[in-house]
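Enquirer: Once you've had a glance at the structure underneath, I'll fire off some questions.
The values are calculated or read from the model by the stated rules, or taken from the named source; none is laboratory data. Since the structure is predicted, the reported quantities are computational estimates derived from the model, not experimental observations. Heads up, the Cβs are rebuilt from the backbone with ideal geometry, glycines too, and the neighbour counts pull from every protein chain shown.
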Amino acid sequence: MDSSGSDFSKQKRISQQIRSGFFLVFGSFLAAFAINIFYTPLMLTTGGVTGIGSIIFQLTGRGEFLPLGVIVAILNLPLLLLGWIKVSWRFVYKSIIGSALYSLALTITEKPMVSWFDKYLNKPTLNGKPDLLIFCLFGGIIFGIAVGLILRSGYTTGGTDIIAVIFHRKFPSISIGKIVFILDIIIVTSSIFFYQDIESDILIITMYSFVAMWLTSKFTDITLEGFEVSRIAYIISDKHHEIAEEIIVKLDRGATGLQAKGMYSKKNRGMIFCVMPSRQVPELKQIVEAIDPNAFIIVTEAREVLGEGFEKDSHDFL
């Protein structure tokens with residue numbers, strides 16, 4: 001490789017590091033904003049270590065014992081150590097950086113944001129409290145975007161993800177995502193029992209917490225993958241050549257011809273494989289139906305597509 005190529009590679013690497021650092025810092029402080037403004041004041045509970053820390057924070061006088069960020073950091077320490085022992089140092093070192101910055105953001109923004117909440121958002125409605133629905137919607141969305149940014153930076157905030165990875169290694173049939181989801185449900189549900197002596201509307205608050213958790217999951221995916229979800233279409237038809245030509249001309253999409261064989265009829269049939277944005281699927285169906293009403297169509301979701309006709313980084317909208 002010549003010197004110009006080496007310089008370009010070095011510049012690209014530096015650019016990526018700056019980009020990752022920005023996403024990590026901005027995501028950490030955005031997450032702290034969501035927790036301190038929308039979750040903690042109304043006792044909404046999120047999943048993961050933050051959820052456990054939030055429960056402890058509420059039960060110990062909202063900062064009279066320790067700030068939420070410090071509680072989260074303390075809870076993360078044994079999990080990070082466990083990940084180091086059971087998995088590897090390489091697995092946890094980015095979690096250490098991510099969780100440390102996130103805990104720091106929670107701590108240094110807690111008091112200013114509580115004051116900001118009291119001044120601008122602590123406006124009672126008819127039941128004498130701020131509107132829980134608005135808080136759960138904005139909190140879930142903002143926290144989801146924040147988590148997505150942190151993950152896009154290549155870092156994590158540690159926590160229950162480490163437990164999920166270790167558990168998955170012992171029970172490979174259970175996915176990591178499913179384990180995290182189960183742990184989050186347990187944490188949020190537990191708030192019903194822990195808060196029942198200090199909050200009369202805890203059942204309602206817990207239900208709103210689940211709504212916020214679902215929004216967080218959705219907006220984490222959107223932040224990672226973008227709003228545009230592509231579709232994969234498989235079309236089996238005896239007129240596959242005509243259909244492919246129409247796809248190329250009318251939809252301006254590539255099409256790949258595959259050979260398929262019916263295992264019952266033992267007949268060879270043509271199959272078309274193509275990828276397109278979701279908005280083009282209705283037009284594709286019209287094309288196929290006009291040429292061959294008996295065609296068999298399967299449309300599935302593609303979470304990320306790279307290559308000609310699609311953006312280089314399809315989820316990079318920031």
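Enquirer: Looking at Arg269, Arg279, which is the one that is of a type in the set (Lys, Arg) and more than 30 Å from Gly148 (Cβ to Cβ)? Give the derivation first.
Expert: Values: Arg279 fails: more than 30 Å from Gly148 (Cβ to Cβ).
None of the others qualify; the one that does is Arg269.
Every residue, every condition in (1) surrounded by 23 or more Cβ atoms within 10 Å (Cβ to Cβ); (2) part of a helix (DSSP H, G or I); (3) among the acidic types (Asp, Glu); (4) not assigned by TED's automatic domain parsing to the domain that holds Leu203, yes or no:
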| position | (1), (2), (3), (4) |
| --- | --- |
| Phe26 | no, yes, no, no |
| Val49 | yes, yes, no, no |
| Leu66 | no, no, no, no |
| Gly69 | yes, yes, no, no |
| Pro78 | no, yes, no, no |
| Leu82 | no, yes, no, no |
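Enquirer: Return the only residue of Ile14, Ile35, Ile18 being touching a residue at least 24 places away in the same chain (Cβ under 8 Å) and not small (Gly, Ala, Ser). Give the derivation first.
Expert: Details: Ile14 fails: touching a residue at least 24 places away in the same chain (Cβ under 8 Å); Ile18 fails: touching a residue at least 24 places away in the same chain (Cβ under 8 Å).
Being touching a residue at least 24 places away in the same chain (Cβ under 8 Å) and not small (Gly, Ala, Ser) holds for just one of Ile14, Ile35, Ile18, which is Ile35.
Enquirer: For the stretch 53-64, which residues satisfy the criterion of being surrounded by fewer than 24 Cβ atoms within 10 Å (Cβ to Cβ) and in a helix (DSSP H, G or I)?
Expert: Answer for the stretch 53-64, where residues must be surrounded by fewer than 24 Cβ atoms within 10 Å (Cβ to Cβ) and in a helix (DSSP H, G or I): Ile55, Ile56, Gln58, Leu59.
Enquirer: Of everything in the stretch 54-79, what is of a type in the set (Gly, Ala, Ser) and out of contact with any helix residue (DSSP H, G or I) (no Cβ under 6 Å at 6 or more places or on another chain)? Give them in sequence order.
Expert: Within the stretch 54-79, Ser54, Gly61, Gly63 qualify.
Enquirer: Same structure, new question: Out of Ser217, Ser200, I need the residue that is free of Cβ contacts under 8 Å to residues at least 12 places away in the same chain, in the same structural domain as Met43 (by TED's automatic domain parsing), over 15 Å from Thr40 (Cβ atoms) and among the polar types (S, T, N, Q). Which one?
Expert: One residue alone meets the criteria, Ser200.
Enquirer: Which residue is modelled with the lowest pLDDT, if the candidates are limited to the stretch 80-106 and must be in contact with a helix residue (DSSP H, G or I) (Cβ under 8 Å, 6 or more places away or on another chain) and of a type in the set (Ser, Thr, Tyr)? If you could, list the steps in order and put the result at the bottom.
Expert: Filtering the stretch 80-106 for residues in contact with a helix residue (DSSP H, G or I) (Cβ under 8 Å, 6 or more places away or on another chain) gives 80, 82-84, 86-87, 91-92, 95-106.
Filter once more, so that each one left must be of a type in the set (Ser, Thr, Tyr): 95, 99, 102-103.
Working: Ser95: 90, Ser99: 93, Tyr102: 95, Ser103: 95.
Top of the filtered list is Ser95.
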